[in-house]
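The values are calculated or read from the model by the stated rules, or taken from the named source; none is laboratory data. Everything quoted here is computed from the prediction, not taken from an experiment. Cβ placement follows ideal geometry from the backbone for every residue including glycine, while neighbour counts extend to all protein chains displayed.
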Amino acid sequence: MNISAKKAMILLASIVGYGTFMYLLNEAGYISDGGFLFPTFLVSVGLLYYYHVEEPNNFFSYYEDHKKITNWNKSVLFVYAKLIEIDGNVSQKELALVKRILKKDMADNYMPEHYLFLKSSLGVTAEIRHPLRDIFENFGSSYCMLFMSNLVRLAATDGLMTEKEELFILNIAKQLKIGKRAYNSILERHSFITEAEWKRKSSAPKMKFTSSSRAYKVLGISNNASFEEIKKAYRDLVKIHHPDKIRSKALKQSAKQQFQVIQEAYETIKKEKG
């Protein structure tokens, strides 16, 4: 049974239960004839509002076996699970990688329950917009960028990003309000080819990029950009990726690595420009 079906059943049971309770009070003479109808109507409206507006903020309350984990972390784990299974094949290599990512990012806060929750989320039918809203509203832009980088790394585990993975990650970038330049910069920090590129590989001539051409892509700019445009792109990325913006000690190392790639790209272009 998927999340939506469970929500509908709980909502229906709540309304019927409350209506029955008020009816029994009426039959017992505690309230006047018909007096239970209006309160029942108000409660029904309130329950409908809660389950369709407020309840999504507590989207993972259905996972009662994982109460030790915060909803924020459940949101992150759920999105990882959806990416792993997006192409219809859950590989042990992907599960092993996401487990390493979790242990590194969470450090001392990591618990076996985190990995168990991720595995229990596989096969669950639900939209990811509520978890993504939790991530965007509670973690901040710097974490969102690191999270995106981890998603790309996970999708590129075998060196190939499928079309479904590519569209899934692009959708997440949009919902996390990550701009095109920042998104392309993240992609360029990982080694992989897309499914479309792989299909063209046999017929198209192999492209050979110099280190400087890749540096431009890391900064999210064209190779004919002016030096002022280059500096602006570099400064914009530094504002987002600077390790000092990451509060979690466990995530600082990942942030430093991302920051170093950006710095190296900028220095490469500076040398080329003279």
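So the values come out like this:
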quantity	calculated
Scan of the stretch 211-251 for residues that are at pLDDT below 70 and over 16 Å from ILE262 (Cα atoms), ordered by number	ILE246, ARG247, SER248, LYS249, ALA250, LEU251
Answer from LYS177, LYS199 - the residue that is modelled with pLDDT under 75 and not small (Gly, Ala, Ser)	LYS199
Among (1) at pLDDT below 85; (2) farther than 22 Å from LEU237 by Cα; (3) within 12 Å of the chain's Cα centre (by Cα); (4) not basic (Lys, Arg) - the single one PHE168 does not satisfy	(1)
Unique residue being over 18 Å from ALA173 (Cβ atoms) and either free of Cβ contacts under 8 Å to residues at least 12 places away in the same chain or not in a helix (DSSP H, G or I) (or both) when the list is VAL90, VAL98	VAL90
